[in-house]
Ligand code: AMP
C-alpha cells in the first residue's frame, strides 16, 4: 500500500476538495459500531447509497490488501486470521488513505472503525484537522449468543467483486454453497471459525465496548454545530430482517 501521498497531486486534489467542496457540502461522517457479526457491513451497504455516502470497511480494505499480496497485507494477515486486532497505526494508515480518496465527497459511513480508544482519539484528531467531525456513532446491539450464531453460520461469496454474505439458517443461498448473485462458491472466512470467533468476542468486550462511554462523553457541539452522539439500535433476535434493521438505523440517525 502506498502511504497517503504528501506534497503530491493527490494531496493538492484533497486540499481542493476540503476547501471548496466540503466547506459547502458539509460531508457527514458516521460510524457503525457493534460486536463482530452484528451486521455493520450489511447495514452500511444498504445505508450508504440511501444517504449518498461512501462506505469504508477497514476489515474489507485490509482483506483486499492481503488478497493483492501487498506489503501492508503481509503485515496484517496473521493478526486478522487469528481474530486479533491489527495495530492502531496500521489501521489508521489505511483509513486515512481511504478518507482522502476523491470519491469521499458527501461523507462516509465507517464500518468497523474505530475499534479501540486510541483509534477513536486518532479519528477525532484527523477529522478535526480537516475541519470536520464525526456526527454519530450508531451502536448495533445483539446478545453474545446471537453474535456467535451469526458468525458461525455466515458464509461469504468467494468472488471478491461480489462478496455477498449469507446466513445458513435465516438467509441461505438458493443452491447450497453457491452465491445467488454470481454463481461463485461460498466460503467460511478464516476469522468466522470457532477459535477466531472466541478471540474476536473477547477483544470486542475489552477493547471496543468501552468506546460507547467515550462517545457518550463526547456529546459536545463542534465548530460546525454538529453534535456527535451515540445512538443505540437494539437488534432483538436473528429473525429481524435487513430492511427492519436498516429502518431502525435510519430512525436513529434522524433522531
Ligand atoms: P471485520 O471485517 O470488520 O469483521 O474485521 C475483520 C478483522 O479485521 C478484525 O477481526 C480485525 O482483525 C481487523 N480489523 C478490522 N478493522 C479493524 C480496526 N479498526 N482495528 C483493528 N483491527 C481491525
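We did not get these values from a lab; they are worked out from the coordinates using the rules stated. All of these numbers come straight from a predicted model, not from anything done at the bench. No Cβ is skipped: glycine too gets one built from the backbone with ideal geometry, and neighbour counts run over all protein chains shown.
With the cut-off at 22 Å, report for the chain the share of all Cα pairs above it, as a whole percent. Walk me through the numbers on the way to the answer.
On the way: 18220 of 32385 pairs.
Considering the chain, 56 percent of its Cα-Cα pairs are separated by more than 22 Å.
How do 192, 78, 111 line up, fewest other C-beta atoms within 10 Å first?
Working: 192 21, 78 11, 111 25.
Going from least to most buried by this count: 78, 192, 111.
Relative contact order for the chain: what percent, with Cα pairs under 8 Å and sequence separation of 6 or more?
25 percent
How far apart, in nanometres, would the label points at residue 50 and residue 160 be if each is projected 7 angstrom from Cα along the Cα-to-Cβ direction?
3.0 nm
Any idea how far apart residue 199 and residue 187 come out in nm if each label point goes 7 Å out from Cα toward Cβ?
According to this spin-label approximation, the distance is 1.7 nm.
Would you work out the relative contact order for the stretch 1-80, in percent, from Cα pairs under 8 angstrom that are 6 or more residues apart? Spell out each step's value before the answer.
Values: 27 pairs, mean separation 18.3, N = 80.
So the answer I get is 23 percent.
Go ahead and run the numbers for FRET between residue 180 and residue 125, Cβ-Cβ distance against an R0 of 30 Å, rounding to 0.05.
0.10
Please report the base-10 log of the normalised intensity I(q)/I(0) for the stretch 150-217, using a Debye sum with one equal scatterer per alpha carbon and no solvent, at each q in 0.11, 0.19, 0.20, 0.29 (1/Å).
Debye curve over Cα of the stretch 150-217, log10 I(q)/I(0) at q = 0.11, 0.19, 0.20, 0.29 Å⁻¹: -0.37, -0.76, -0.79, -1.16.
Cα-based Rg of the stretch 28-163 per 2.2 N^0.38 Å, rounded to two decimals?
1.04
Find the Rg to Rh ratio for the stretch 1-95, where Rh is the Kirkwood radius over alpha-carbon pairs and Rg uses the same atoms.
We get a ratio of 1.01 for the stretch 1-95.
What order, most packed first, do the peptides 50-59, 174-183 have when packing is the mean number of other Cβ atoms within 10 Å of each residue? Please list the in-between numbers first.
Working: 50-59: 17.9, 174-183: 12.7.
Ranked from most to least packed, the peptides come out as 50-59, 174-183.
Take every DSSP beta bridge with both residues inside the chain and express the antiparallel ones as a percent of the total, to the nearest 5.
That works out to approximately 30 percent antiparallel.
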